[in-house]
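Colleague: Sharing a structure below in structure tokens format, with a few things to ask.
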Amino acid sequence: SQFSNKIHSAKMEQTFIMIKPDGVQRGLVGEIIGRFEKKGFTLKGLKLVTVDRAFAEKHYADLSAKPFFNGLVEYIVSGPVVAMVWEGKNVVATGRKIIGATNPAESAPGTIRGDYAIDIGRNVIHGSDAVESGRKEIALWFPEGIAEWRSSLHSWIYE
Ligand code: IDP
Ligand code: MG
């Protein structure tokens with residue numbers, strides 16, 4: 001074909017992305033999904049869910065010793081969130097760049113947190129910090145599994 005078959009060796013990854021309750025309440029769902037879509041990443045899982053304390057504590061288990069842990073859990077259970085799985089080459093690290101620094105005071109303009117957030121405890125969005133934590137988070141949030149499909153745009157996005 002006119003297209004290289006290098007796509008078969010492209011290092012595909014998956015990441016767990018969550019639009020937090022403030023992002024949902026503020027009407028940022030479409031904007032955020034659009035940024036990942038337009039970049040070229042593939043949506044593999046999507047749902048609107050309200051989680052309970054125990055679930056939020058599990059998701060943020062690594063932070064349980066932090067002084068802000070309780071407030072963080074309260075924040076995450078305060079309303080529905082949009083849970084997603086996105087797939088693509090380097091999507092974990094690139095997703096974190098699209099999201100921006102944890103503290104919106106330090107997030108660059110052009111990033112989601114840089115453009116739409118002010119306080120660290122209302123920073124709109126979560127993204128997995130490594131491929132392995134992504135795997136764990138996807139298993140936690142999508143025990144039912146995720147969609148299996150391949151975008152027909154694949155060869156227009158990957159060389
Ligand atoms: P990340 O979301 O950029 O990966 P983490 O260090 O994993 O940042 O922290 C998880 C979440 O906990 C942050 O997104 C933020 O909402 C909250 N958080 C982190 N540090 C603080 C803090 O110092 N005060 C209040 N909330 C915090
Ligand atoms: Mg984190």
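Colleague: In segment 27-157, carbon and sulfur make up what percent of the accessible area (probe 1.4 Å)?
Modeller: 55
Colleague: Sticking with this one: Sorted by mean Cβ packing within 10 Å, highest first, what order do the peptides 21-30, 60-69, 123-132 take? Each step should come with its number before you reach the end.
Modeller: On the way: 21-30: 16.5, 60-69: 11.4, 123-132: 19.5.
My ranking of the peptides, most packed first, is 123-132, 21-30, 60-69.
Colleague: Related question: Assuming R0 = 35 Å, can you tell me the calculated FRET efficiency for the pair A54 and K89, based on Cβ-Cβ distance, to the nearest 0.05?
Modeller: 0.50
Colleague: A follow-up question, please. Skip the ligands, DNA and RNA, and give the accessible area per residue of segment 13-75 with a 1.4 Å probe, whole Å².
Modeller: 52
Colleague: Using the Karplus curve 6.51 cos²θ - 1.76 cosθ + 1.60 with θ = phi - 60°, work out ³J(HN,Hα) for each residue of segment 26-34 in order, rounded to whole Hz, and write x for Gly and Pro.
Modeller: Rounded to whole hertz, the list is 8, x, 9, 4, x, 4, 5, 4, x.
Colleague: If ligands, DNA and RNA are left out, what is the accessible area of W149 with a 1.4 Å probe, given in Å² to the nearest 10?
Modeller: Roll a 1.4 Å probe over it and W149 shows about 130 Å².
Colleague: Now a separate question. Please turn the phi angles of segment 72-85 into ³J(HN,Hα) values with the Karplus equation 6.51 cos²θ - 1.76 cosθ + 1.60 (θ = phi - 60°), one per residue in order, whole Hz, x for glycine and proline.
Modeller: So the Karplus estimates, Gly and Pro as x, are 5, 5, 4, 4, 5, 8, 6, x, x, 10, 9, 9, 9, 10 Hz.
Colleague: Take the cross-link list K44/K66; K11/K44; K66/K89; K38/K58; K11/K66 and give me the ones stretching past 28 Å between alpha-carbons.
Modeller: Where the Cα-Cα span goes over 28 Å, the pairs concerned are K44/K66; K66/K89; K38/K58; K11/K66.
Colleague: What's the Kirkwood radius of segment 40-101 in Å, using all Cα pairs?
Modeller: The answer is 13.3 Å.
Colleague: Measure of size requested: the Rg and Dmax of segment 71-159, with Cα atoms as the atom set and Å as the unit; please supply both.
Modeller: Spelled out, the Cα radius of gyration and Dmax of segment 71-159 are 14.9, 45 Å.
Colleague: On to the next question. Which whole-number percent gives the relative contact order of segment 44-159, counting Cα pairs below 8 Å spaced six or more residues apart?
Modeller: 25
Colleague: Also, I was wondering about something else. State the volume of the convex hull built on the alpha-carbon positions of the chain, expressed per residue in Å³ and rounded to an integer.
Modeller: Here the figure is 112 Å³ per residue.
Colleague: Mind checking the full-extension length gain between E31 and A139? Use 0.36 nm per residue of separation minus the Cα-Cα distance, one decimal, nm.
Modeller: 36.3 nm
The values are calculated or read from the model by the stated rules, or taken from the named source; none is laboratory data. From a predicted model like this one, the values you see are computed outputs, not experimental measurements. Methodologically, a virtual Cβ is constructed for each residue, glycine included, from the backbone with ideal geometry; neighbour enumeration extends over all protein chains shown. These area figures cover heavy atoms from the full protein model, side chains too; ligands, DNA and RNA do not enter into them. Shrake-Rupley method; radii C 1.70, N 1.55, O 1.52, S 1.80 Å.
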